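**Q** I have a structure here, written as structure tokens, and I will follow up with some questions on it.
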Amino acid sequence: MFVTVLLLLGALCAHKGHGQESEATQRPGHVSVVIIGATGDLARKYLWQGFFNTYVNQVKGGNTFSFYGGGQSSSDKATPLMFEILKGVSCPKDMSQERCALLKDQFLRLAQYRQLKTLEHYQDLAKHIEKKLQDEAMTETGRLFYLSVPAYAYADIADKINQSCRPTMGGWLRVVLEKPFGHDLLSAEVLASQLASSLKEEEMYRIDHYLGKQVIAKILPFRKENKKFLDPIWNKHHIERVEIVLKETLDVQGRMSFYDQYGVIRDVIQNHLTEVMMLLTMRLPSNLSSSEEVVQNKLRILDSLLPLGKNQVVIGQYQGYNSEVQLELNKTKDHISLTPTFAAVLAHIDEAQFEGVPILLISGKMLDKRVGYARVVFKNDIFCLQNQNGVHCKPRQIIFYFGHGSLQYPAVLVSKNLFKPVLMDAEWKEVTEHSDVSVLGLPVSDYYVHTPTKQHEAYSELIAHIFSGHKNSFISIENLLSSWSIWTPLLSSLNSAYPRIYPGGEDNGHMLDIHLKGMDISYKNEVVIISPDQTAGTSANSAKVLQGKFCNADMVSAWSEELVGQLAVDMQEAAEAAVLESGVFHLALSGGSTPLALFHRLALHHFSFPWRNTHVWMVDERCVPLAEVESNFRTLHDHLLHHVRIPYFNIHPMPVELNHRLCVEEDRGAQIYESDIRTLVNGSSFHFVLLGVGFNGHTASLFPGAKVEEHGQSLVALTESPVKPHQRMSLTFTAINRAHRVALLVMGKGKHEMITQLSRLKNSTDRWPVTNVKPDNNRLVWYIDYDALIG
Ligand code: BG6
């Protein structure tokens, strides 16, 4: 028989410092918990235990509970399996055996398994819940669905829940989702929009279990409690570097079908380690309980990260991985997986507070030790002439130690030569008795050490937060998409990159040591060990840059990365020459996605570029407000201008918005821009104009059919595009052809067809506007990558 046990739930929301009153305490009633995937690995290891802990902790409130395990299997098959798991849950150490037995017995009686496969199954569950509420005259507090199933099943389950299982009498609905939430920006957006058609954002709880780890949850409170010590030193003048590290010793056998598609960056760096990085570097919220403020501050930090590309990462793969993949995924012997099981990423925050501070995010499987920590290493400006072991001469660091490793317990450690921290929290205590261990280079006795009085499992913490509706510990949709937009370009740049093969465990020796060189990261030891079967397909001359002729002009060709590198070098040379000669460099840049790689290259590699003497002009603009994502200026701003030190008054967006309207002839925007050019640019000759070519041969915003003489001697004109947004403002051929130098950048297989057609044209024609680009002094160079040139 299914018995309802009255639970006393007063403590349910008494999570210290959350500052939010629980809905459960406001409205005692009945809570139905449904774990879908009830006999899976996660449920077995953590979820049932987490729900039991919450149940045990809440024995003083007024709510009642029922627990349903759900899944695809029939009830006959799954019920015994599920109860086997339930019987294994454990009680807190300090609980008497009798009490433990009683609570476990109650918990088991409150639980049942239900097959949840079809819509009818969900409808039956809803009917069952409603009947129960009616029979026992209970009001409903809410329904909690925990989706512990592969992400591809989310949309379908969410739809069924929405159709059939919403509480009818005003109780809440909370649906908990486990990562992965997509594998790149696009798939995350697709998943988000599918889920949004069934569930409201406030109903979704996206779990990142790292946010439930006690030490990680303590980062912001620690920063607040120790604000007076940290404020003066939490910046680029004092911090040498930040490291966020998760080292694991296990392999990934048994999880290949997931892991081989995801790899270490998607598995733990995009989520767990990025979250920790944000907690360390975000502006301290004035109210730690305000979800909105926390999310906004996190987003600000993500937005200010410098772009991450191939040079900001090194990857590795443990030696046995490929054969494990072949075996577990039934692949043939010649199958090669390039999935990284190790990665070290170097990030930088483009904000005055942390400018230039290296932030390392490192994780790997099959490493020498199991340990997770975030450490902030401070510069030490004390020079000890004699007693170099004296306390002032030692490294100065703050460590958030997640657990495992030499210390074996989670802790916050502050070097004694920094300050004595305050932890205003009865749930934390200072450790003064130290064993003889050393933590990241210092004996533990050299730190002030604080640890939680009671250790809680991350999932149990988060489950309690779900009940209390405390959303700070979960991933908001803005946060998720913003994080993917940082990681997606880096992941795409690694698409066909070869990971360094490492033997695993202690044998890795120095093989995974890394070297930071300015904004770039590389392996310290240059020896790259690639197993013989992994050498196929590498190109011996992949780094070559070819010089040649295209359409009667000079051409540079290479693989895209080298090509962009060469163009950036050529642009810097032109800039330096112009500054030497006239003290100023006038650069006109075009929009579109092709130049993004060039912008990143300039921002991340060309620190000596004379930005202070550079004026940036637009080649063309779409008639949309400048802050919109479609605006060329907005793209240029986000990918280049935002990251370099260029004086504001040297930046010249096109005035497409005047008198609160867009590109209206009478507002004379084109003439205003032209007049600025004539005033500032000597002879109206830009030093360097960067152009692209569209599929139809258009360049700037000069589209097929536009006559070369159409704009006479005007330098700027309003034009019409065949694709939306139709209205544009553009430099004319007159302005372009007056430039000292013009670069035409063409990249990607998609442009091959157009390049082939162009190469066959004998003369310039208005049908192919790009053929009318003929700078007077013949200083046109085509930069065409191999994909576009050879297809
Ligand atoms: C999970 C990853 O999210 O986190 C695993 O999928 C990883 O690959 C685990 O091992 C690490 O978590 P913890 O809590 O053991 O450090």
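The values are calculated or read from the model by the stated rules, or taken from the named source; none is laboratory data. Since the structure is predicted, the reported quantities are computational estimates derived from the model, not experimental observations. Virtual Cβ from ideal backbone geometry, glycine too; neighbours counted across all protein chains shown. Protein only, heavy atoms only, side chains kept; ligands, DNA and RNA dropped before computing areas. Shrake-Rupley method; radii C 1.70, N 1.55, O 1.52, S 1.80 Å.
**Q** Taking a ≥ b ≥ c as the square roots of the Cα gyration tensor eigenvalues, with a/c under 1.5 meaning rounded and otherwise prolate when a/b beats b/c, else oblate, which class fits the stretch 665-791?
**A** Values: a/c = 2.02, a/b = 1.48, b/c = 1.36.
Judged from the Cα gyration tensor, the stretch 665-791 comes out prolate (a/c at least 1.5, a/b above b/c).
**Q** So for each of 188-200, 88-100, 727-739 I average, over its residues, the number of other beta carbons within 10 Å; can you give me the resulting order with the highest mean first? Don't skip to the end; give the middle numbers.
**A** Values: 188-200: 16.3, 88-100: 11.6, 727-739: 23.8.
Order by mean packing, descending: 727-739, 188-200, 88-100.
**Q** Quick check on the stretch 212-508: of the DSSP beta bridges with both residues there, what percent are antiparallel, nearest 5%? Mind showing how you got there, number by number?
**A** Details: 41 of 50 bridges.
The antiparallel proportion sits near 80 percent.
**Q** Next question. State the answer as a single residue: which of 153, 85, 95 lies farthest towards the positive end of the charge dipole of the stretch 28-178, with beta carbon charges of +1 for Lys and Arg and -1 for Asp and Glu, about the Cα centre.
**A** Towards the positive end, the residue furthest out is 95.
**Q** Would you mind checking the pairs 200/224; 104/213; 247/454 and listing those with alpha carbons more than 27 angstrom apart? Present the calculation step by step, with values, prior to reporting the outcome.
**A** On the way: 200/224 32 Å; 104/213 25 Å; 247/454 24 Å.
Cα-Cα > 27 Å for 200/224; rest within.
**Q** Can I ask one more? If you fit an axis through the alpha-carbon atoms of helix 560-582 and take the longest principal axis of the Cα set of the chain, what angle between them do you get, 0 to 90°, nearest 10?
**A** 50
**Q** Still on this model: Size of the dipole of the chain about the Cα centre, Lys and Arg at +1 and Asp and Glu at -1 on the beta carbon, nothing else charged, in debye to 20? It would help to have the intermediate numbers written out before the result.
**A** Working: 77 positive and 84 negative charges, 182 e Å.
Dipole about the Cα centre, nearest 20: 880 debye.
**Q** A follow-up question, please. Counting only protein chains, not ligands or nucleic acids, how are 48, 172, 559 ordered by accessible area (probe 1.4 Å), most first?
**A** Numbers: 48 0, 172 25, 559 100 Å².
From most accessible down to least: 559, 172, 48.
**Q** With an 8 Å cut-off on Cα pairs and a minimum separation of 6 or more residues, tell me the relative contact order of the stretch 356-512 in percent.
**A** Values: 167 pairs, mean separation 30.1, N = 157.
In percent, rounded to a whole number, it is 19.
**Q** If r is the Cβ-Cβ distance from residue 682 to residue 645 and R0 is 25 Å, what FRET efficiency results, to the nearest 0.05? Don't skip to the end; give the middle numbers.
**A** Details: r = 24 Å, r/R0 = 0.95.
For residue 682 and residue 645, the calculated efficiency is 0.60.
**Q** Once fully extended, how much extra length lies between residue 445 and residue 424, figured as 0.36 nm per residue of separation less the alpha-carbon to alpha-carbon distance?
**A** 5.4 nm
**Q** Then there is this: Modelled label-to-label distance, residue 189 and residue 261, 7 Å Cα→beta-carbon offset: nm?
**A** Going from the residue 189 label point to the residue 261 one covers 2.0 nm.
**Q** What angle do you read, to the nearest 10 degrees and between 0 and 90, between the alpha-carbon axis of helix 477-493 and the longest principal axis of the chain?
**A** 60
**Q** Please list 675-688, 628-641 highest first by mean number of surrounding beta-carbon atoms within 10 Å per residue.
**A** Top of the packing list down: 628-641, 675-688.
**Q** Under 8 Å for C-alpha pairs, at least 6 residues apart: give me the relative contact order for the chain, rounded to a whole percent.
**A** Numbers: 1479 pairs, mean separation 80.3, N = 791.
Relative contact order of the chain: 10 percent.
**Q** Is it possible to state the helix-based mean residue ellipticity at 222 nm for the chain, with each DSSP H run of 4+ residues giving -39500 (n - 2.57), the sum divided by total residues, to the nearest 500 deg cm²/dmol? What is it? If you can, show how the numbers build up before the last one.
**A** Values: 23 runs with 232 residues, N = 791.
Using -39500 (n - 2.57) per qualifying helix, the result is -8500 deg cm²/dmol.
**Q** Amide H of residue 514: which non-local residues (sequence gap of 5 or more, or other chain) have their own amide H closer than 5 Å, using H built in the peptide plane?
**A** The answer is 524.
**Q** To continue, here is another question. Tell me, how many Å apart are the Cα centres for the stretch 638-682 and for the stretch 227-293?
**A** The stretch 638-682 and the stretch 227-293 have Cα centres separated by 40 Å.
**Q** Let's test the formula: R0 of 51 Å, r as the Cβ-Cβ distance of residue 168 and residue 292. What FRET efficiency results, to the nearest 0.05? If you can, show how the numbers build up before the last one.
**A** Details: r = 30 Å, r/R0 = 0.58.
For R0 = 51 Å, the calculated efficiency reads 0.95.
**Q** A follow-up question, please. Considering only DSSP beta bridges where both residues belong to the chain, give the percentage that are antiparallel (nearest 5).
**A** For the chain, the DSSP antiparallel bridge percentage is about 50.
**Q** Also: Which whole-Hz couplings ³J(HN,Hα) result when phi for each residue of the stretch 67-72 is put into the Karplus expression 6.51 cos²θ - 1.76 cosθ + 1.60, θ = phi - 60°, listed in order with x for Gly and Pro?
**A** Once rounded to whole Hz, the list reads 10, 10, x, x, x, 6.
**Q** Give me the lysines in straight-line cross-link reach of residue 544: C-alpha distance below 20 Å, same-chain residues under 8 apart excluded.
**A** Qualifying lysines at Cα under 20 Å: 310, 749.
**Q** Convert each backbone phi in the stretch 680-691 into a coupling constant with the Karplus relation 6.51 cos²θ - 1.76 cosθ + 1.60 (shift: θ = phi - 60°), then list the ³J(HN,Hα) values in order as whole Hz, x for Gly and Pro.
**A** Going residue by residue, I get 9, 9, 4, x, 6, 9, 4, 6, 8, 10, 9, 10 Hz, with x marking Gly and Pro.
**Q** Something else about it: Pop out the Kirkwood hydrodynamic radius of the chain from its pairwise C-alpha distances, inverse of mean 1/r, in Å to one decimal. Mind showing how you got there, number by number?
**A** Details: mean 1/r = 0.0334 Å⁻¹.
Computed over the chain, the radius equals 29.9 Å.
**Q** Where the accessible area of the stretch 28-178 is counted over protein heavy atoms with a 1.4 Å probe, how much of it, in %, is carbon and sulfur?
**A** 51
**Q** Can you find, among 195, 715, 119, the residue farthest towards the positive end of the dipole of the chain? Put +1 on the C-beta of Lys and Arg, -1 on that of Asp and Glu.
**A** Projecting each Cα onto the dipole axis, the largest value belongs to 119.
**Q** Relative contact order, percent, of the stretch 134-265 when contacts are C-alpha pairs under 8 Å separated by at least 6 residues?
**A** On the way: 90 pairs, mean separation 27.7, N = 132.
It comes to 21 percent, rounded to a whole number.
**Q** Assigning unit charges at the beta carbon (Lys, Arg +1; Asp, Glu -1) and nothing else, what dipole magnitude in debye, to the nearest 20, does the stretch 212-508 show about its Cα centre? Each step should come with its number before you reach the end.
**A** On the way: 30 positive and 31 negative charges, 83 e Å.
In total the dipole reaches around 400 debye.
**Q** Additional query: Could you list which residues have their amide H under 5 Å from that of residue 33, counting only those 5 or more apart in sequence or on another chain, with H placed in the peptide plane?
**A** Here 66, 67, 68, 144 satisfy the definition.
**Q** Enumerate the calculated ³J(HN,Hα) couplings along the stretch 284-299 in order (Karplus 6.51 cos²θ - 1.76 cosθ + 1.60, θ = phi - 60°), each rounded to whole Hz, writing x wherever the residue is Gly or Pro.
**A** Using θ = phi - 60°, the values come out as 5, x, 5, 10, 5, 8, 7, 4, 5, 5, 4, 4, 4, 5, 5, 4 Hz.
**Q** Placing +1 on the Cβ of each Lys and Arg and -1 on the Cβ of each Asp and Glu in the chain, which of 563, 647, 494 has its Cα farthest towards the positive end of the resulting dipole?
**A** 494
**Q** What whole number of Å gives the distance from the Cα centroid of the stretch 498-521 to the Cα centroid of the stretch 35-50?
**A** 36
**Q** Hey, another quick one. Which value in Å is the Kirkwood Rh of the stretch 212-508 over different Cα pairs? Please report the intermediate quantities before stating the final value.
**A** Numbers: mean 1/r = 0.0487 Å⁻¹.
Taking every pair of different Cα atoms in the stretch 212-508, averaging 1/r and inverting gives 20.5 Å.
**Q** With r defined as the distance between the Cβ atoms of residue 695 and residue 406 and R0 fixed at 45 Å, what FRET efficiency is calculated, to the nearest 0.05? Could you put the intermediate results ahead of the total?
**A** Details: r = 59 Å, r/R0 = 1.31.
For R0 = 45 Å, the calculated efficiency reads 0.15.
**Q** Pop a pseudo-label 7 angstrom from the Cα along the beta-carbon direction at both residue 369 and residue 392 and give the gap in nm to one decimal.
**A** Result for the modelled spin labels: 3.0 nm.
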